[in-house]
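Asker: Handing you this structure, nothing more for now.
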Amino acid sequence: MTPKILKTTALTAGVLALAAPAMAQELRFMCSTDGNECEVYEDILTRFEAANPGVDVVVDVVPYQAILENLPVQLAAGNGPDLAKVTDLGGLNEYYLDLAPHVDRGYWEESFGDFLTWYRGGDGDEGIYGLHTQLTITGPFVNATLFEQAGVEMPGDGATWEDWAAAARQVAEATGTPFPMAIDRSGHRVAGPAISYGAALNGPDGPTLSDDGFTAFVEQFVAWHEDGTMARDVWAGQGGATYQDGAQEFINGELVFLYSGSWQIGRMEESVGDFFDWQVVDSPCGPAGACSGVPGGSGIVGFNDTEHPELVAALIDFLADEEVYAEATARTRNLPAHLGVASAGVDYEGVSEGAAGALNGFAAALPDVDPAAFWYQGYAGNRAMFGITVERVSQAIVGELTVDEAVARMEEDLAAAMAESQ
């Protein structure tokens with residue numbers, strides 16, 4: 001146990017001394033997972049409980065949709081959990097517990113740097129609200145076996161979206177594979193390709209989904225659905241802003257190229273097995289010259305309605321310890337947002353050579369993230385922009401709206417959402 005954990009434990013002991021000795025203090029931790037995150041945290045937190053008799057951390061594992069839809073309602077009603085693993089990082093800021101009075105600010109700022117800004121409420125807010133536990137970046141998975149069977153060479157460094165679309169179509173035709181390409185049905189997922197086509201996302205007049213670059217990408221994306229390049233059901237098979245990924249089609253060997261993200265590595269390794277060889281490649285470039293994915297991920301936050309603010313802060317501070325954070329990152333097979341852990345490198349546990357290569361591939365893409373992508377992830381209103389994108393682009397894909405009509409509706413929707421939030 002490191003000195004920092006000892007200090008944290010001492011703080012927690014001081015908190016517990018204020019309570020009745022026989023009274024257990026229960027903390028509810030709402031958690032969703034792409035792989036084994038909740039399981040790993042539940043295991044690691046048994047050490048926190050052992051060091052703090054009387055503390056019981058209950059990990060409530062819920063579907064991701066519950067984090068997106070149910071948690072905000074619970075928080076608004078004042079009956080949310082003590083802490084949770086969230087992805088709407090800045091959007092829920094009004095409910096966050098500020099950890100700054102309870103933790104070593106210097107350690108947190110040195111260890112997590114700009115990632116702390118993703119959880120803040122805007123300019124001038126210097127609170128410490130969240131521990132970014134699962135750094136992700138969007139990018140492509142490719143079925144290398146299909147390329148080999150088709151005798152088609154994969155596009156190399158600097159390849160464009162058009163290059164990959166042409167290659168994926170050629171492979172699909174040669175191998176009888178149903179779908180050349182897919183991009184997850186997510187506003188977050190299409191942001192990287194849109195940036196590569198010139199989308200600013202934050203223009204001179206503020207956030208935008210209707211500039212020339214964004215429009216150019218939507219036109220191309222819709223055209224790819226019309227000519228069969230994109231797996232149509234990923235976007236056209238759902239309504240509203242519902243999330244849908246294309247991972248199952250890829251796992252089934254029905255898809256040549258999937259644009260998703262680093263959080264899928266564990267699922268690919270477990271589900272694909274020896275069925276075929278897959279690999280991660282660089283994000284394709286676009287007409288604007290950018291070749292960027294979008295960073296993101298999830299983090300653990302406490303909520304200001306908790307009856308145990310110091311204890312919640314102590315728990316999150318425990319997980320922020322460099323050794324504990326490194327262990328959790330290795331066991332969950334995620335990219336580290338802790339700068340010290342990233343610098344030292346992560347010894348991932350039990351991963352195959354392919355998965356290790358994929359993790360390193362995604363990590364290598366982080367320095368190429370476009371500033372617009374980093375801004376978008378930290379923008380508190382991004383959740384509304386994601387939803388607007390999915391709903392209106394889907395309508396263009398199924399023919400309910402033309403591309404111009406869809407872009408105009410996105411502009412109107414965003415203006416209404418911003419007016420409402422203000």
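The values are calculated or read from the model by the stated rules, or taken from the named source; none is laboratory data. Nothing here was measured: the structure is a model prediction, and the numbers come from that model. Neighbour counts run over all protein chains shown; Cβ positions are idealised from the backbone, glycine included.
Asker: Is it true that some residue in the stretch 178-194 is touching a residue at least 12 places away in the same chain (Cβ under 8 Å), acidic (D, E) and assigned to a helix (DSSP H, G or I)?
Answerer: First, the residues of the stretch 178-194 that are touching a residue at least 12 places away in the same chain (Cβ under 8 Å): 178-194.
Adding the requirement that they be acidic (D, E) leaves 184.
Then drop every residue that is not assigned to a helix (DSSP H, G or I), which leaves none.
No, the stretch 178-194 contains no residue that is touching a residue at least 12 places away in the same chain (Cβ under 8 Å), acidic (D, E) and assigned to a helix (DSSP H, G or I).
Asker: As an exercise: evaluate M385 against (1) assigned to a helix (DSSP H, G or I); (2) among the hydrophobic types (A, V, I, L, M, F, W, C); (3) over 23 Å from the mean Cα position of the chain (by Cα); (4) surrounded by 18 or more Cβ atoms within 10 Å (Cβ to Cβ) and give the number of the one condition it does not meet.
Answerer: Failed condition: (3).
Asker: OK, next. Can we say D163 is in the same structural domain as V398 (by TED's automatic domain parsing), in a helix (DSSP H, G or I), in contact (Cβ under 8 Å) with a residue 60 or more places away in the chain and charged (D, E, K, R)?
Answerer: Here the answer is yes, as D163 does meet what is asked.
Asker: Considering only residues that are under 18 Å from the mean Cα position of the chain (by Cα), part of a loop (DSSP other than H, G, I, E, B) and at pLDDT below 90, which ones fall in the stretch 328-349?
Answerer: Once the filter is applied, which keeps residues that are under 18 Å from the mean Cα position of the chain (by Cα), part of a loop (DSSP other than H, G, I, E, B) and at pLDDT below 90, the stretch 328-349 yields R333, N334.
Asker: So, in the stretch 282-319, how many residues would count as being out of contact with any Asp or Glu (no Cβ under 6 Å at 6 or more places or on another chain), surrounded by 24 or more Cβ atoms within 10 Å (Cβ to Cβ) and among the small types (G, A, S)?
Answerer: 8
Asker: Looking at L209, L201 in this structure, which one is closer than 21 Å to A380 by Cα and touching a Leu at 6+ places or on another chain (Cβ under 6 Å)? Before the answer, list the steps.
Answerer: Values: L201 fails: touching a Leu at 6+ places or on another chain (Cβ under 6 Å).
Of L209, L201, the one residue that is closer than 21 Å to A380 by Cα and touching a Leu at 6+ places or on another chain (Cβ under 6 Å) is L209.
Asker: Among the residues that make up the stretch 214-221, is at least one of them surrounded by 22 or more Cβ atoms within 10 Å (Cβ to Cβ) and farther than 19 Å from V403 by Cβ? Quick ask: steps written out before the conclusion?
Answerer: First, the residues of the stretch 214-221 that are surrounded by 22 or more Cβ atoms within 10 Å (Cβ to Cβ): 214, 217-218, 221.
Right, trim to farther than 19 Å from V403 by Cβ and you get none.
No: the stretch 214-221 contains no residue that is surrounded by 22 or more Cβ atoms within 10 Å (Cβ to Cβ) and farther than 19 Å from V403 by Cβ.
Asker: Listed residues V324, V369, V393, V398; which is modelled with pLDDT of 90 or more, more than 23 Å from I300 (Cα to Cα) and either buried (at least 18 other Cβ atoms within 10 Å of the Cβ) or among the acidic types (D, E) (or both)?
Answerer: Step by step, each of V324, V369, V393, V398 is checked, and only V393 is modelled with pLDDT of 90 or more, more than 23 Å from I300 (Cα to Cα) and either buried (at least 18 other Cβ atoms within 10 Å of the Cβ) or among the acidic types (D, E) (or both).
Yes or no, residue by residue, for (1) touching a Phe, Trp or Tyr at 6+ places or on another chain (Cβ under 7 Å); (2) within 19 Å of L201 (Cα to Cα); (3) of a type outside the set (S, T, Y); (4) not assigned by TED's automatic domain parsing to the domain that holds Y379:
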{"position": "E226", "(1), (2), (3), (4)": "no, no, yes, no"}
{"position": "R232", "(1), (2), (3), (4)": "no, no, yes, no"}
{"position": "W235", "(1), (2), (3), (4)": "no, no, yes, no"}
{"position": "E249", "(1), (2), (3), (4)": "yes, no, yes, no"}
{"position": "E254", "(1), (2), (3), (4)": "yes, no, yes, no"}
{"position": "E270", "(1), (2), (3), (4)": "no, no, yes, no"}
{"position": "D274", "(1), (2), (3), (4)": "no, no, yes, no"}
{"position": "W278", "(1), (2), (3), (4)": "yes, no, yes, no"}
{"position": "S283", "(1), (2), (3), (4)": "no, yes, no, no"}
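Asker: Failed condition for V351, given (1) among the hydrophobic types (A, V, I, L, M, F, W, C); (2) within 26 Å of I183 (Cβ to Cβ); (3) in contact with a strand residue (DSSP E or B) (Cβ under 8 Å, 6 or more places away or on another chain), with all others met?
Answerer: Evaluating V351 over (1) among the hydrophobic types (A, V, I, L, M, F, W, C); (2) within 26 Å of I183 (Cβ to Cβ); (3) in contact with a strand residue (DSSP E or B) (Cβ under 8 Å, 6 or more places away or on another chain) leaves (3) as the failure.
Asker: Does at least one position in the stretch 278-287 carry a residue that is among the acidic types (D, E) and within 29 Å of F221 (Cβ to Cβ)?
Answerer: Yes; the residues of the stretch 278-287 include at least one that is among the acidic types (D, E) and within 29 Å of F221 (Cβ to Cβ).
Asker: Take the stretch 126-144 and flag every residue that is surrounded by 15 or more Cβ atoms within 10 Å (Cβ to Cβ) and farther than 22 Å from W263 by Cα.
Answerer: Selection gives G127, I128, Y129.
Asker: Now for a separate question. Give the residues of the stretch 75-103 that are surrounded by 17 or more Cβ atoms within 10 Å (Cβ to Cβ), over 22 Å from the mean Cα position of the chain (by Cα) and more than 16 Å from V312 (Cα to Cα), sorted by residue number.
Answerer: Within the stretch 75-103, no residue meets the criteria.
Each row is one residue, and each column tells you yes or no for (1) on the phi > 0 side of the Ramachandran plot; (2) not assigned by TED's automatic domain parsing to the domain that holds E109; (3) not hydroxyl-bearing (S, T, Y).
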{"residue": "A342", "(1), (2), (3)": "no, no, yes"}
{"residue": "Y348", "(1), (2), (3)": "no, no, no"}
{"residue": "D370", "(1), (2), (3)": "no, yes, yes"}
{"residue": "F386", "(1), (2), (3)": "no, yes, yes"}
{"residue": "Q395", "(1), (2), (3)": "no, yes, yes"}
{"residue": "L401", "(1), (2), (3)": "no, yes, yes"}
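Asker: Then there is this: Scan the stretch 226-243 residue by residue and report those that are in a helix (DSSP H, G or I) and surrounded by fewer than 20 Cβ atoms within 10 Å (Cβ to Cβ).
Answerer: Of everything in the stretch 226-243, those that are in a helix (DSSP H, G or I) and surrounded by fewer than 20 Cβ atoms within 10 Å (Cβ to Cβ) turn out to be E226, R232, D233, A236.
Asker: May I pose another question? Does the stretch 210-237 hold any residues that are of a type outside the set (A, V, I, L, M, F, W, C) and within 22 Å of V256 (Cβ to Cβ), and which are they?
Answerer: Selection gives Q220, H225, E226, D227, G228, T229, R232, D233, G237.
Asker: Identify, please: which residue in the stretch 264-281 is within 12 Å of G357 (Cα to Cα) and surrounded by 20 or more Cβ atoms within 10 Å (Cβ to Cβ) and is, among those, modelled with the lowest pLDDT?
Answerer: Taking the candidates together, the pick is I265.
Asker: Still on this model: Return yes or no: is A330 surrounded by fewer than 22 Cβ atoms within 10 Å (Cβ to Cβ) and touching an Asp or Glu at 6+ places or on another chain (Cβ under 6 Å)?
Answerer: Yes: the conditions hold for A330.
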